[in-house]
Amino acid sequence: MFKKSTQIIAIDFGSNNIRVLLGEQTKDGNFSIIGYGTAPSSSAISKGLIQDMDSARHALRKALTMTQQKVNSISPKLISIGINTPRAETHTKEAKLELKNEEITDEHLYKVFNMAQQQINKSDKDLLTSVNSYEWYIDNFAVQQPLGMRAEQLKIRVHFTIIPKVIIENLKSCVESELHPSYSVIDHFVYNPIATAIGSLTPEEMELGTLLIDIGKSTINLIMFSEHKLIDTSTFDFGTVFMSRDVSAVFKINFEEAHKLICDYGISEELINKYVKSNLPIGNIPLSPSLISNELRTKPISLQSVLDGFNKNVSKIELEGVIFARAQEMIATLKKEIDKKDLTQSLLRGIVLAGGGANLQNMNILIEKIFNAPVRIAKPQYAIPNIPQPVNNPEFATVAGILRHGFSHYNAIQKGQIFQNKKIINQLWVSLISPFKKQKGAKPTSQN
């Protein structure tokens with residue numbers, strides 16, 4: 001369809017930062033990251049929803065400029081966008097299509113997919129699916145791709161994510177204002193928990209059973225994979241900002257200093273170990289003095305932004321006690337959700353920790369103790385080989401997954417494995433290619 005290499009821009013609208021990756025796929029199917037950028041978004045985005053369009057556009061423009069500053073070639077680009085919101089609803093639906101030992105065609109796939117989709121009626125919301133969220137069965141045998149096979153029955157099991165239209169429409173508007181439609185087009189949206197898994201987990205982890213915990217500023221996502229199937233996703237309406245708010249409220253300091261203190265001191269490993277040894281039930285927050293060492297009691301910390309009339313020095317144990325209490329409460333809530341859904345027995349490969357919260361000191365140890373399972377911190381290098389070192393950290397796991405999903409989505413369209421109108425796809429590519437034919441190598445107008 002397109003002789004040159006394919007380029008995809010992946011965008012993650014986080015509550016703390018907007019992150020962008022530019023990837024290029026060559027004709028042999030391999031792809032690499034050729035640009036990346038970030039920009040603060042704390043006043044622009046919260047829980048996946050744009051709060052201030054001008055601020056969001058400014059942050060996206062800054063991240064895009066950084067991403068493309070070392071890229072000399074001008075190529076048509078597809079755009080993949082991550083969606084994250086606690087307002088998301090997830091459903092898994094099944095549908096069966098009876099056949100007569102027929103060879104399965106793309107019309108059969110489309111028909112049975114529609115049968116599953118019609119079970120959900122949400123006129124005010126958009127349905128998202130993923131190439132990674134389909135399960136196919138022929139005569140009750142699981143197969144990766146049924147096209148061209150013969151069967152008496154075709155069954156699909158598909159994971160749908162239902163997103164309020166207002167979230168998607170405003171993200172779309174923001175992107176279209178910064179990436180000119182004459183040489184870029186929004187290819188698709190993907191639910192962030194799925195993208196984070198794609199950008200974090202190894203094939204073995206997806207096969208054996210792994211829980212992915214993505215800790216962001218304002219949300220936490222849980223994603224469960226087993227036997228290469230998406231078992232469950234959940235988005236929680238809290239994140240590391242709640243730790244910052246607690247520290248700010250207790251010590252009368254601003255959010256910026258509170259966040260810095262959390263990053264500097266993290267979660268006390270001594271408190272974690274002594275809490276576990278105390279055999280207190282999960283969810284009990286108060287800290288007994290017997291859990292606290294003299295060294296922690298006496299070491300002072302000087303506060304910089306404290307309000308007049310309040311103590312400008314705080315003991316290390318007071319600070320770490322507040323941080324620990326909120327962190328323990330959040331992780332205990334996640335554990336209760338996993339227990340409620342009876343998924344604990346599926347954690348054969350353990351837990352992978354992604355997002356900015358994964359970088360907090362000893363967060364992995366706290367999760368390991370509460371879940372009683374091994375924990376590793378996400379590295380996108382397992383999903384994307386030869387990844388630039390600054391991108392190989394848990395904060396980039398989601399946008400790395402958005403990029404990888406973008407290429408999977410594009411390739412699946414070419415093979416007829418997902419359900420988009422091929423005429424529309426061809427028209428989109430014509431609209432992308434035509435400006436370059438007209439200009440014959442001339443540089444197009446600025447993307448910003």
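What follows draws every value from the coordinates through simple rules; no lab data is involved. Keep in mind that this is a model prediction, so the values were computed, not measured. FYI the Cβ positions are ideal-geometry reconstructions off the backbone, even for glycines, and counts take in every protein chain you see.
Neighbouring Cβ atoms within 10 Å as the yardstick, rank Glu368, Glu98, Glu256 fewest first.
Details: Glu368 18, Glu98 9, Glu256 13.
Taking fewest neighbouring Cβ atoms as first place, the list is Glu98, Glu256, Glu368.
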A student applying the Cα gyration tensor rule (rounded when a/c is under 1.5; otherwise prolate if a/b is larger than b/c, oblate if not) would label segment 209-378 prolate
Quick note, segment 89-164: a/c under 1.5 would make it rounded; otherwise a/b > b/c is prolate and the rest oblate (a ≥ b ≥ c, C-alpha gyration tensor); here it is prolate
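Once you list every other residue whose beta carbon is under 10 Å from the beta carbon of Lys77, what net charge do they have if Lys and Arg are +1 and Asp and Glu are -1? Each step should come with its number before you reach the end.
Details: positive: none; negative: Glu24, Asp187.
Net charge around Lys77: -2.
Run the numbers for Lys70 and Glu176: contour at 0.36 nm per residue of separation, minus the present Cα-Cα distance, in nm.
On the way: separation 106, 0.36 × 106 = 38.16 nm, distance 2.22 nm.
Computed gain between Lys70 and Glu176 is 35.9 nm.
Ranked by Cβ crowding within 10 angstrom, fewest neighbours first, how are Phe13, Phe236 ordered? Intermediate results must be reported in sequence, preceding the final value.
Details: Phe13 28, Phe236 17.
Taking fewest neighbouring Cβ atoms as first place, the list is Phe236, Phe13.
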Counting only DSSP beta bridges fully inside segment 209-378, the antiparallel percentage to nearest 5 is 65
Partner aspartates and glutamates whose C-alpha sits under 17 Å from that of Lys125, ignoring same-chain residues fewer than 8 away, are Glu89, Glu169
Burial-style ranking of 312-318, 300-306, 194-200, average other-beta-carbon count within 10 Å with highest first, yields 194-200, 312-318, 300-306
Counting only DSSP beta bridges fully inside the chain, the antiparallel percentage to nearest 5 is 75
In the chain, taking the dipole from +1 charges on Lys and Arg beta carbons and -1 charges on Asp and Glu beta carbons about the Cα centre, the listed residue (Phe251, Ile365, Gly37) farthest towards the positive end is Gly37
Between [x] 23.6; [y] 24.6; [z] 20.7, the structure-derived mean projected area of the Cα convex hull in nm² is [x]
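Using the structure shown, list the pairs from Lys336/Lys369; Lys27/Lys379; Lys229/Lys341; Lys27/Lys229; Lys172/Lys217 with a Cα-Cα distance above 24 Å, or answer none. Present the calculation step by step, with values, prior to reporting the outcome.
Values: Lys336/Lys369 14 Å; Lys27/Lys379 27 Å; Lys229/Lys341 16 Å; Lys27/Lys229 29 Å; Lys172/Lys217 22 Å.
Cα-Cα > 24 Å for Lys27/Lys379; Lys27/Lys229; rest within.
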